[in-house]
Amino acid sequence: MSEDARLIEALANCREEEVRTIVREMIARGVPAAEIVAACNRGMAALGNRFESGDCFLPELMFGGMVMKSVLEELRPLLSAGEQVQHVGRVVMGTVQHDVHDIGKDIVITMLRGVGFDVVDLGVDVPPERFVEAIRQHQPQVVGMSILLTTCYRSVTATVEAIRQANLRQQVRIMVGGAAASDLLREVSGCDFYGKTAVDGVHFAAQAVGGN
Ligand code: B12
């Protein structure tokens with residue numbers, strides 16, 4: 001079994017010690033942090049599938065989340081290795097209303113900060129009006145929404161609508177991502193960009209502020 005496959009399998013089955021050992025081996029071999037994160041994402045998706053099919057329950061989902069967070073803590077210095085770079089722009093980012101998943105959002109934030117963005121983290125379960133307030137207060141060029149629950153599509157459309165109603169739509173570029181997001185959601189909600197991965201989000205934000 002490849003190292004990636006071992007990591008995915010260990011995370012999907014919440015074997016914390018094994019996950020840590022494999023991650024440390026990968027770091028020691030010089031595997032890029034973004035690649036380790038990508039394998040972990042697949043492990044978390046596999047855990048989600050186990051949950052969906054009734055093969056495991058909420059405590060496992062919660063424990064898997066905790067294991068993933070501790071892996072991210074270990075990877076954070078590697079993900080944000082460019083922290084010294086100069087300020088390139090500002091992003092306001094949050095997980096949409098009624099959704100408390102924050103692992104993916106935090107990865108996007110870490111990577112954005114790594115390339116020099118100043119990121120205002122609104123946290124989870126963020127109501128549309130809180131996004132609006134934050135845009136007024138912090139004047140970002142980019143707004144990012146993370147969504148993991150398909151039941152929260154309305155939160156995305158309501159947030160874009162609230163930004164429009166507040167006459168702020170022209171001044172920000174809006175991106176959406178997370179396991180429940182898609183290009184269709186982008187289109188229906190009126191966001192500018194759907195990013196499948198954190199790296200896509202960083203590229204979009206860089207383009208939005210005139211980088212590449
Ligand atoms: C861990 C987990 C939890 C943990 C969350 C812990 C935490 N602190 O985040 C806990 C236990 C709290 C949880 C709760 C619930 N969960 Co949950 N959870 C998961 C699980 C297994 C992993 C999510 C995760 O962290 N993935 C890893 C991260 C890194 O991936 P990611 O978020 O997608 O992020 C990547 C990209 O998408 C991207 N990205 C993310 N955000 C953004 C934003 C932008 C702008 C961009 C560009 C990119 C981007 O960057 C990241 C890296 O590339 C998923 C399974 C899955 N397939 O996602 C289910 C899953 C999302 N949960 C699910 C469900 C049903 C629930 C509950 C309703 C369960 C319940 N009965 O209570 C509750 C809902 C609570 C709430 N109100 O939000 C379902 C959702 C189904 C659906 N269709 O909506 C899933 C899909 C599991 C399943 N298959 O059934 N959950």
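Please treat every number below as a calculation from the coordinates, not as lab data. Predicted model, so just to flag it, every value in this text is computed and none were measured. A quick note on method: Cβ atoms are made from the backbone with ideal geometry, for glycine too, and the neighbour counts reach across all protein chains shown.
Starting from the Cα gyration tensor of the stretch 87-185, take the square roots of the eigenvalues, sort them a ≥ b ≥ c, and report rounded, prolate or oblate (rounded when a/c is under 1.5, otherwise prolate if a/b is larger than b/c, else oblate). It is oblate, given that a/c is not under 1.5 and a/b is not larger than b/c. Look at where the Cα atoms of the stretch 110-126 and of the stretch 31-71 average out, and the two centres are 22 Å apart.
Of the trypsin sites (Lys or Arg not before Pro) in the stretch 42-133, not one is in a loop by DSSP (not H, G, I, E or B) with at most 16 other beta carbons within 10 Å. Mind checking the angle between helix 3-12 and the chain's longest principal axis? C-alpha axes, 0 to 90 degrees, to the nearest 10. Taking Cα atoms only, the helix is inclined about 80 degrees. Summing charges over neighbours of S146, with a neighbour being any other residue whose Cβ is under 10 Å away from its Cβ, gives -2 when K and R count +1 and D and E count -1.
Mean separation of Cα pairs under 8 Å and 6 or more residues apart, divided by the residue count, gives the stretch 89-208 a relative contact order of 28 percent.
Computed from Cα positions, the angle between helix 198-208 and the longest principal axis of the chain comes to roughly 20 degrees.
The magnitude of the dipole of the stretch 102-212, with charges of +1 and -1 set on the Cβ of Lys/Arg and Asp/Glu and taken from the Cα centre, is near 180 debye. Any chance you could give the angle, 0 to 90 degrees and rounded to 10, that helix 33-52 forms with the longest Cα principal axis of the chain? Taking Cα atoms only, the helix is inclined about 80 degrees. Per-residue ellipticity at 222 nm from helix content only, as computed over the chain with -39500 (n - 2.57) for each DSSP H run of at least four residues, stands at -18000 deg cm²/dmol. Out of M66, V172, A206, whose Cα points farthest toward the positive end of the dipole of the chain (charges: +1 Lys, Arg; -1 Asp, Glu; placed on Cβ)? Toward the positive end, the furthest listed residue is V172. Fewest-first ordering of F204, F51, F57, F117 by other beta carbons within 10 Å of each residue's beta carbon gives F57, F51, F204, F117. Residue order for T150, T21, fewest other beta carbons within 10 angstrom first, comes to T150, T21.
Run a plain Debye calculation on the chain (Cα atoms as equal point scatterers, no solvent) and give log10 I(q)/I(0) at q = 0.07, 0.10, 0.13 Å⁻¹, rounded to two decimals, same order as the q list. These q points yield log10 I(q)/I(0) values of -0.21, -0.44, -0.73.
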